[in-house]
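Undergrad: Structure below; questions to follow.
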Amino acid sequence: MSQTVIDLIEADHRDVEMIFEKLKRQPENRPALVAELAAKFVAHARAEETKVYPELAKAKPSERGEVHHGVEEHHEAEELLAKLMDADPDKPEFMRTLEQLIKAVGHHVEEEETEILPAMAKAIPADKLVKLGRVFSQAKADELATPPKPVGRTKQELVDQAKEKGITGFSSMTKDELIDALSD
Ligand SMILES: [Fe+2]
Ligand SMILES: [Fe+2]
């Protein structure tokens, strides 16, 4: 039996959880592990956003809100990932940021595995889920083959989003303050 997109997504989640464990236990390998995590996380998230989530939104329009929420959670995790990449692996800030990232990703993975993936299993026929698995893998491979872009939103993107959400006082906020205000 060929693997469905759901099997592949769940396998990626277990892989990321393993990288988190290694990040905690192997301080000497942290720079390489953070780079591996960032590349895999971003490729997985973009492939979900461009190839997988839209198929669910099409098959079951009532899941649109859930899908939109999933994309926001990817962005939040990517801000933390960017912070982790900047942090000195030997300083306490690294572990603090890692714990925040593990919590954010854990929350998203749980929602995906209890809401989004089961909804897909119900709404999309099995043979299509297998085909979608191939599309998902190809999108990830394409993303991994392109040179890495900076992870996280730019200050201008954050300001634009703050304006859109009607957040006041954004013009005097730092990047971290904008990220906090947007995640409230
Ligand atoms: Fe995922
Ligand atoms: Fe996701």
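The values are calculated or read from the model by the stated rules, or taken from the named source; none is laboratory data. The structure presented is a predicted model; accordingly, all values stated were derived computationally and were not measured. All Cβ positions, even for glycine, are placed from backbone atoms using ideal geometry, and neighbour counts span all protein chains on display.
Undergrad: Can you confirm whether the range 158-165 contains a residue that is without any contact (Cβ under 8 Å) to a residue 40 or more places away in the chain, part of a helix (DSSP H, G or I) and of a type in the set (Gly, Ala, Ser)?
TA: Keep residues of the range 158-165 that are without any contact (Cβ under 8 Å) to a residue 40 or more places away in the chain, which gives 158-165.
Then keep just the ones that are part of a helix (DSSP H, G or I); that gives 158-164.
With of a type in the set (Gly, Ala, Ser) added as a condition, the list becomes 162.
Scanning the range 158-165, I find at least one residue that is without any contact (Cβ under 8 Å) to a residue 40 or more places away in the chain, part of a helix (DSSP H, G or I) and of a type in the set (Gly, Ala, Ser), so the answer is yes.
Undergrad: Give the range 147-180 a look and list any residue that's in contact with a Leu (Cβ under 9 Å, 6 or more places away or on another chain), of a type in the set (Gly, Ala, Ser) and modelled with pLDDT of 85 or more, or say none.
TA: To start, the set of residues in the range 147-180 that are in contact with a Leu (Cβ under 9 Å, 6 or more places away or on another chain) comprises 151-153, 155, 158-159, 161-162, 165, 167, 170, 173, 175, 178-179.
Checking which are of a type in the set (Gly, Ala, Ser) leaves us with 152, 162.
Hit for the range 147-180 is 162, nothing else.
Undergrad: Any idea how many residues of the range 60-81 are more than 12 Å from the chain's Cα centre (by Cα) and either among the small types (Gly, Ala, Ser) or farther than 17 Å from residue 153 by Cβ (or both)?
TA: 8
Undergrad: Still on this structure: Out of curiosity, is residue 125 at pLDDT below 95 and over 19 Å from residue 72 (Cβ atoms)? Quick ask: steps written out before the conclusion?
TA: Working: at pLDDT below 95: no; over 19 Å from residue 72 (Cβ atoms): yes.
The answer is no for residue 125.
Undergrad: Same structure, new question: Just wondering, is there one or more residues in the range 30-51 that are out of contact with any Asp or Glu (no Cβ under 9 Å at 6 or more places or on another chain), at pLDDT 95 or above and farther than 21 Å from residue 146 by Cα?
TA: Checked against the condition, which is being out of contact with any Asp or Glu (no Cβ under 9 Å at 6 or more places or on another chain), at pLDDT 95 or above and farther than 21 Å from residue 146 by Cα, the range 30-51 yields no hits at all.
Undergrad: Taking the options 110, 76, 49, name whichever one is within 11 Å of ligand 1 (Cβ to nearest atom) and closer than 22 Å to residue 184 by Cβ. Break it down into steps so the answer makes sense when it comes.
TA: Numbers: 76 fails: within 11 Å of ligand 1 (Cβ to nearest atom); 49 fails: closer than 22 Å to residue 184 by Cβ.
After ruling out the rest, the residue left standing is 110.
Undergrad: Determine, yes or no, whether residue 140 is out of contact with any strand residue (DSSP E or B) (no Cβ under 6 Å at 6 or more places or on another chain), in the same structural domain as residue 101 (by TED's automatic domain parsing) and part of a helix (DSSP H, G or I). Can you show your working first?
TA: Working: out of contact with any strand residue (DSSP E or B) (no Cβ under 6 Å at 6 or more places or on another chain): yes; in the same structural domain as residue 101 (by TED's automatic domain parsing): yes; part of a helix (DSSP H, G or I): yes.
Criteria met by residue 140.
Undergrad: Can you give me the number of residues within the range 47-67 that are surrounded by fewer than 17 Cβ atoms within 10 Å (Cβ to Cβ) and closer than 25 Å to residue 97 by Cα?
TA: 1
Undergrad: Output the helices (runs of 4 or more DSSP H) that fall wholly within the range 1-115 and possess 3 or more residues being more than 16 Å from ligand 2 (Cβ to nearest atom) and out of contact with any Pro (no Cβ under 6 Å at 6 or more places or on another chain), or say none.
TA: Details: elements: 5-25, 30-47, 53-59, 64-86, 92-111.
The qualifying helices (runs of 4 or more DSSP H) are 5-25, 30-47, 64-86, 92-111.
Undergrad: Additional query: If residue 138 passes every condition in (1) under 15 Å from the mean Cα position of the chain (by Cα); (2) exposed (fewer than 15 other Cβ atoms within 10 Å of the Cβ) but one, which one does it miss?
TA: Status for residue 138: all satisfied but (1).
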